[in-house]
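Colleague: What follows is a single structure, and I will ask about it in a moment.
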Amino acid sequence: MSYRILQKKVLIPGQTSLLVIDAPHVAKKAKPGNFVILRTSDKGERIPLTIADFDAAKKTVTLVIQAVGKTTREMQQVCQVGTKLYAMAGPMGLPSHFAGAKKMVFVGGGLGVAPMTREFVVALRGAVDTVRMAGAVDLARAICRDSIRAGEGLVRGTVRDTLGRPVPYAS
């Protein structure tokens, strides 16, 4: 099975990228909170990555990759539109649980902001009162700002600006 990269968006140059991947069997069964295990080549290590988003109709999954280890640094270079991942297993893990919730608070910082958007959408479908909190060290590291910008109940913040003062998440 091929796992072709359909889209790549650099979120933080040299550090963080968003990949939209053709993965029909994963997209069909994915739920918020799931993850996949993938390999970039037949000799590559298996690494777990959280599913940031999925679209069963388009048969795609979205992953956000932060270059922190050998394989994720390699992925920043070799994963380009049109290239393929060697293997992907999933979805794995227990999905996020929303049943019976009356109010939910979504908190994401740094890379953890990426899957928060999908969970928020699912909670809204269940008419759950929500509050979202998205943060980053500074605006340069604030990923997925466009996808979480709109909506009520959103609190954004950064740890510091260039002078060390708290500043709002939106620029």
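Colleague: Hey, among E45, E74, which residue is out of contact with any Asp or Glu (no Cβ under 7 Å at 6 or more places or on another chain), part of a helix (DSSP H, G or I) and in contact (Cβ under 8 Å) with a residue 12 or more places away in the chain?
Modeller: Working: E45 fails: part of a helix (DSSP H, G or I).
Just one listed residue meets the conditions, E74.
Colleague: Something else about it: Being at pLDDT 90 or above and open to solvent by 40 Å² or more (accessible area, probe 1.4 Å) is the filter; apply it to region 21-41 and report the residue that is nearest to L94 (Cα to Cα).
Modeller: Restricting to residues being at pLDDT 90 or above and open to solvent by 40 Å² or more (accessible area, probe 1.4 Å), the top hit is F35.
Colleague: Oh, and also: Could you list all residues from region 77-98 that are open to solvent by 60 Å² or more (accessible area, probe 1.4 Å), outside any loop (DSSP other than H, G, I, E, B) and in contact with a strand residue (DSSP E or B) (Cβ under 6 Å, 6 or more places away or on another chain)?
Modeller: K84, M92
Colleague: Now, a different point. Being open to solvent by 60 Å² or more (accessible area, probe 1.4 Å), at pLDDT 90 or above and more than 15 Å from the chain's Cα centre (by Cα) is the requirement here; does V105 meet it? First the steps, then the outcome.
Modeller: On the way: open to solvent by 60 Å² or more (accessible area, probe 1.4 Å): yes; at pLDDT 90 or above: no; more than 15 Å from the chain's Cα centre (by Cα): yes.
Criteria not met by V105.
Colleague: Related question: Among the residues of region 10-22, is there at least one that is in contact with a Phe, Trp or Tyr (Cβ under 9 Å, 6 or more places away or on another chain) and not polar (S, T, N, Q)? If you could, list the steps in order and put the result at the bottom.
Modeller: Step one: of region 10-22, the residues in contact with a Phe, Trp or Tyr (Cβ under 9 Å, 6 or more places away or on another chain) are 21-22.
Filter again for not polar (S, T, N, Q), leaving 21-22.
Yes: region 10-22 contains one or more residues that are in contact with a Phe, Trp or Tyr (Cβ under 9 Å, 6 or more places away or on another chain) and not polar (S, T, N, Q).
The values are calculated or read from the model by the stated rules, or taken from the named source; none is laboratory data. Just so it is clear, the structure is predicted and the values come from calculations on it, not from any experiment. Glycine gets a Cβ as well: all are built from the backbone with ideal geometry, and neighbour counts include every protein chain shown. Side chains included, ligands, DNA and RNA excluded: accessible areas come from the protein's heavy atoms. Shrake-Rupley method; radii C 1.70, N 1.55, O 1.52, S 1.80 Å.
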